[in-house]
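The values are calculated or read from the model by the stated rules, or taken from the named source; none is laboratory data. Model, not experiment: these values are computed from the prediction. Note that each Cβ is placed from the backbone with ideal geometry, even for glycine, and that neighbours are counted across all protein chains shown. All accessible areas refer to the heavy atoms of the entire protein, side chains included, with ligands and DNA or RNA removed. Shrake-Rupley method; radii C 1.70, N 1.55, O 1.52, S 1.80 Å.
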Amino acid sequence: MTYFVVEFPTISEIYKNNVLNNRFEIGRNIYNSLANITLKRYKEMIKTQRYRQALELHKTNKREANEAFKELCEEYRLSEYEFHKDVKPMQHHFKKNIDSNNSQKIATRLWKAFDELLYGNGKQIHFKKFGEFNSLEGKTNKAGIRYKDGYLLWNGLSLQVICDQNNSYELEAFQNDIAYCRVVRKWVRKKYKFYVQIVFKGIPPAKRNKETGHFKRTTGSGDVGLDIGLNTLAIVSEKKVKLLVLADRVRSFEGEKRLLQRKNEEKCISRFEEFLSKHHIEIKRCKKMNII
């Protein structure tokens with residue numbers, strides 16, 4: 001199943017903005033509290049000898065090492081399912097603002113960070129500072145954060161969603177089924193503005209020219225050959241042949257780099273000669289010999 005996202009601005013009063021800011025702050029606190037609990041388990045796990053053995057085994061046999069990591073994670077309750085269980089009592093305390101779908105998505109976001117730490121290239125789990133937690137989302141369009149008849153509904157809060165009736169892309173997007181909705185907070189012109197990102201199921205519609213209404217890009221017919229190089233891209237078809245320069249707007253600093261390197265070499269040579277003359281050191285140069 002493929003998905004695509006379309007973002008829409010919303011209209012909200014001051015008191016609704018205050019409610020939304022409060023909910024984002026509650027979401028940040030839930031994320032940090034859950035991170036605190038799970039990090040304690042993770043630190044206890046990495047102290048064990050089995051974890052160190054799994055790290056050594058990972059260098060030679062990654063499959064067996066991953067199985068050992070999974071067993072350790074199950075023992076120390078480091079899994080997405082366990083995170084959902086841990087976040088449940090936290091959500092119950094804030095049930096008037098955060099529903100169960102929101103809290104499970106928060107737990108899933110933290111689990112992705114742990115998954116990257118355990119099996120990927122992640123190095124550390126970071127806590128969210130004030131103002132860094134700027135999105136909350138649901139799991140379906142039937143409960144929690146949902147879109148209905150031009151409004152975003154969320155736990156007694158109703159926000160009008162602005163949809164451009166002259167924008168064919170947005171109108172065609174609503175012909176697809178809605179998977180879930182996401183509320184995003186952005187700092188614009190010294191204040192927070194709220195947007196809704198609707199995740200649709202299916203293939204995104206083709207973009208059109210606003211003035212003519214025609215498609216911006218159309219599919220052609222025939223065979224096309226591409227040869228991608230380090231700096232250029234060669235295109236060959238039955239009718240045209242093109243040679244495009246990749247990143248042609250990027251400024252080159254090779255000339256400046258050569259000048260700086262030359263200056264540094266001259267400085268090093270002059271300092272070395274000063275050192276030799278100061279300490280009265282003479283260097284005997286070898287004569288060149290022509291070997292016949």
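Checking each residue in the stretch 1-17 for being open to solvent by 40 Å² or more (accessible area, probe 1.4 Å) and assigned to a strand (DSSP E or B) picks out 3, 5, 7, 9, 11. Determine, yes or no, whether residue 55 is more than 26 Å from the chain's Cα centre (by Cα) and among the aliphatic types (A, V, I, L, M). When the stated conditions are applied, residue 55 passes them. Just wondering, is there one or more residues in the stretch 169-180 that are modelled with pLDDT under 90, closer than 20 Å to residue 2 by Cβ and touching an Asp or Glu at 6+ places or on another chain (Cβ under 7 Å)? Yes, the conditions are met somewhere in the stretch 169-180.
Of the numbered criteria (1) outside any helix (DSSP H, G or I); (2) open to solvent by 100 Å² or more (accessible area, probe 1.4 Å); (3) closer than 20 Å to residue 113 by Cα, the one residue 60 fails is (3).
Residue by residue, here is whether (1) open to solvent by less than 80 Å² (accessible area, probe 1.4 Å); (2) of a type outside the set (Lys, Arg) holds:
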| site | (1), (2) |
| --- | --- |
| 199 | yes, yes |
| 202 | yes, yes |
| 206 | yes, yes |
| 214 | no, yes |
| 221 | no, yes |
| 224 | no, yes |
| 229 | yes, yes |
| 240 | no, no |
| 243 | no, yes |
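Identify, please: which residue in the stretch 136-171 is in a strand (DSSP E or B) and open to solvent by 30 Å² or more (accessible area, probe 1.4 Å) and is, among those, farthest from residue 195 (Cα to Cα)? Of everything passing the filter in the stretch 136-171, 148 is farthest from residue 195 (Cα to Cα). A Cβ distance below 6 Å, combined with a sequence gap of six or more or placement on separate chains, defines the contacts here; from the stretch 172-185, residues that are free of Cβ contacts under 8 Å to residues at least 12 places away in the same chain and over 12 Å from residue 202 (Cα atoms) reach no residue that is assigned to a strand (DSSP E or B) and of a type in the set (Ser, Thr, Tyr).
Would you point out the residue of the stretch 97-122, among those that are at pLDDT below 90 and part of a loop (DSSP other than H, G, I, E, B), that is most open to solvent (accessible area, probe 1.4 Å)? Going through the qualifying residues, I end up with 121. Restricting attention to the stretch 63-92, the residues that are closer than 21 Å to residue 104 by Cα, open to solvent by less than 80 Å² (accessible area, probe 1.4 Å) and part of a helix (DSSP H, G or I) total 9. Restricting 263, 210 to residues that are open to solvent by 100 Å² or more (accessible area, probe 1.4 Å), at pLDDT below 85 and among the charged types (D, E, K, R) narrows the list to 210.
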